[in-house]
Each structure stands twice: as structure tokens, then as C-alpha cells.
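Only one structure is covered here, and it is reproduced in the block below.
The values are calculated or read from the model by the stated rules, or taken from the named source; none is laboratory data. These numbers were taken from a predicted model, which means no experiment stands behind them. Reconstructed Cβ throughout: ideal geometry from the backbone, glycine too, with neighbour counts over all protein chains shown. Only protein heavy atoms, including side chains, enter the accessible area calculation; ligands, DNA and RNA are left aside. Shrake-Rupley method; radii C 1.70, N 1.55, O 1.52, S 1.80 Å.
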Amino acid sequence: MEQFLRTELLFGKEKINKIFNANVTVIGLGAVGSFCTEVLARVGTGRLTLVDFDKIQITNLNRQLYALHSTVGQKKAELAKKRVLDINPECKVETFEVFVNTDSFEQIFKNKPDMVIDAIDSYNPKLRLIEYCFKNNIKIISSMGAALKTDPFSVKYADLFDTHHCKLAERLRGDLRKLGISKGIPCVFSEQSPQIKPIPLSEEENKNFGKNGGPKILGSSPVITGIFGLLLANKAIELLSSDSRK
């Protein structure tokens, strides 16, 4: 198609055809996932499964692609689907507005994706998703922590077990080893030490989270989260279009 001419001129016909036939599942459509999905749509990925149970909130406007004043309160998955189809009407798009856990994996993965992008914020769903993909031989690229980071040149791609200066990755390594996994989880991470301390929620805000209180607010930059998403997409494109892909 003419709209993908510039991409074809860069990658060549053989590689672009592999992208056209690729089937990718993006889990988490927030700051990182939205930018990753944008690139996958613009290079002509043939099939996208988009997973997110959440709605746009006013605090998403500083970094999330689908977050506008006009979209506050709307479902992220539906907004993502609409945007993808506006970019490439030929893309086959399916959405799941579900919370990611072991009970929803069968539904999410029924179409047998070639690649999974993990852009989940919540720890336990991320851990279980990585475990599931690894043990079921599903290719996955996982996003580590982008919050509290400010240096764009510190964002890197590596195996999760080779990362450093990322508390999320450190915690995952420990739990994954207990599950018998000690390598083979590609990820995007920042090697910058966090420079800013998280701000605790107010007493009023904590009431919404019960007696144990709520999470701390983690400051985040649209530059860094965007780079995370773009690098995830870039690596996915590279792997999907490689000569080794069957």
C-alpha cells in the first residue's frame, strides 16, 4: 500500500511483508503501551490485540497518547482501537477490557500472537504474564520501570537478568528465579538511578484504598515513557521482520 512506501523503502519488501503478516498483542495501553501501539500501527502490523481494563483519567494527560480532555472517562482499549484503524483500516484489531491475570490468559492468547508487548504497571500481573509467556514459548518484550527517570540516554534494551539500577527489574529477577526462570526475558529499562522520591498520597486519597493505604504517586515524564514505548516497538519490529522468524 502506498501509505507504507517509506517504510518499505527502508526495510525492503520481504521484511515489510513479515510485518504485514505479524500478530502482536500489547498488554497495557498507558504511557508506554500507547506509544508502542502507535508505531506498530504506523509500520503496518497486520493484527493487533490490545488489552487494558482501565479508563482515561485526568492525571493521564501528561504522558498518555490517548489521554485528552475530550477522552477523560473513556475506555483506553476502545480509544486505541479507533486510533489504530484510523491509521491503518486494514489492520485486524481486537480488544480485551480485562484485568490481566491467570484467569484471563486463555482468552487473551487465543489468537496465538507472534509477539507480546508487556507494558503493565501492576507487579503481580506483570510477573505472571512473563512467567506464562516464558513457559509457553511465547515471545515477549517487557517494559521495566519508567517512572522517576529523567535521562533519555539511559534507556536501554537488555535481558531482564542483565539490567541494573531498576528496582522493578531487581524484584522481578528474584521472583522469576523462584519460578525457575533465570534468563531469556528481553526488556526495556533505564540504567539511571531514580533522582526523585515518590510523593505519598494524602490522607483523603488514602481512604480510597482501605486500611492498608494506597500507593505512592510516582512522577513520570512523557519523554521517558514515550522512549520506552518507541524502543519496545522498534525491537518488536526488528524481531518480527528478521530472517530467522518462521
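Per residue, what accessible area does the stretch 5-70 have, given a 1.4 Å probe and all protein chains present, in Å²?
Numbers: 2940 Å² over 66 residues.
On a per-residue basis, 45 Å².
The sum of -39500 (n - 2.57) across all DSSP H runs of n ≥ 4, divided by the residue count of the chain, sets its helix-only mean residue ellipticity at 222 nm to -11000 deg cm²/dmol.
The figure for Ser104 is an accessible area of roughly 10 square angstrom, using a 1.4 Å probe on the protein chains alone. Any idea which of Phe105, Ala233, Gly12 is furthest toward the positive side of the dipole for the chain, if Lys and Arg beta-carbons carry +1 and Asp and Glu beta-carbons -1? The Cα lying farthest towards the positive end belongs to Phe105. Charges at C-beta only: +1 for Lys and Arg, -1 for Asp and Glu. How large is the resulting dipole of the stretch 1-80 about its Cα centre, in Debye rounded to 20? Its charge dipole is roughly 80 debye. Couplings 3J(HN,Hα) for the stretch 11-17, derived from phi with the Karplus relation 6.51 cos²θ - 1.76 cosθ + 1.60 (θ = phi - 60°), are 8, x, 5, 4, 5, 5, 5 Hz, where x marks Gly and Pro. Legend: distances between Cα atoms for Lys15/Lys126; Lys92/Lys167; Lys18/Lys92; Lys135/Lys235; pairs beyond 26 Å are Lys15/Lys126; Lys92/Lys167.
Using the Karplus relation 6.51 cos²θ - 1.76 cosθ + 1.60 with θ = phi - 60°, the per-residue 3J(HN,Hα) values for the stretch 30-45 come to x, 4, 6, x, 5, 6, 5, 4, 4, 5, 4, 5, 6, 8, x, 3 Hz, with x marking Gly and Pro. Couplings 3J(HN,Hα) of the stretch 155-165, computed from phi: 7, 9, 10, 6, 5, 3, 7, 10, 7, 8, 6 Hz, in residue order, whole Hz [Karplus 6.51 cos²θ - 1.76 cosθ + 1.60, θ = phi - 60°; x for Gly and Pro]. Expressed as a whole percent, the accessible area of the chain that falls on carbon and sulfur atoms is 51 (1.4 Å probe). Pairs of Cα atoms in the chain fall into 5 Å distance bins, from 0 up to the last occupied one, in shares of 1, 6, 13, 17, 20, 18, 13, 7, 3, 1, 1, 0 percent. Could you tell me which of Gly219, Leu79, Ser182 has its Cα farthest along the dipole of the chain towards the positive end, charges placed at Cβ (Lys, Arg +1; Asp, Glu -1), taken about the Cα centre? Positive-end residue among those listed: Ser182. Each part gets one Cα centre, and for the stretch 157-182 versus the stretch 73-102 those centres are 29 Å apart. In terms of the Cα gyration tensor, with a ≥ b ≥ c the square roots of its eigenvalues, is the stretch 1-107 rounded because a/c is under 1.5, prolate because a/b exceeds b/c, or oblate? Oblate, because a/c is 1.5 or more while a/b does not exceed b/c. Scanning residues 5 or more positions from Ile140 or on other chains, those with amide H under 5 Å from its amide H are Val116, with H placed 1.01 Å from N in the peptide plane.
The stretch 1-60: percent of C-alpha pairs farther apart than 19 Å? Mind showing how you got there, number by number?
On the way: 675 of 1770 pairs.
Of all Cα-Cα distances in the stretch 1-60, 38 percent exceed 19 Å.
Figure legend: label point modelled 7 angstrom from the Cα of Phe4 along Cα→Cβ; residues of the stretch 49-87 with amide N under 16 Å from it are 49, 84-87.
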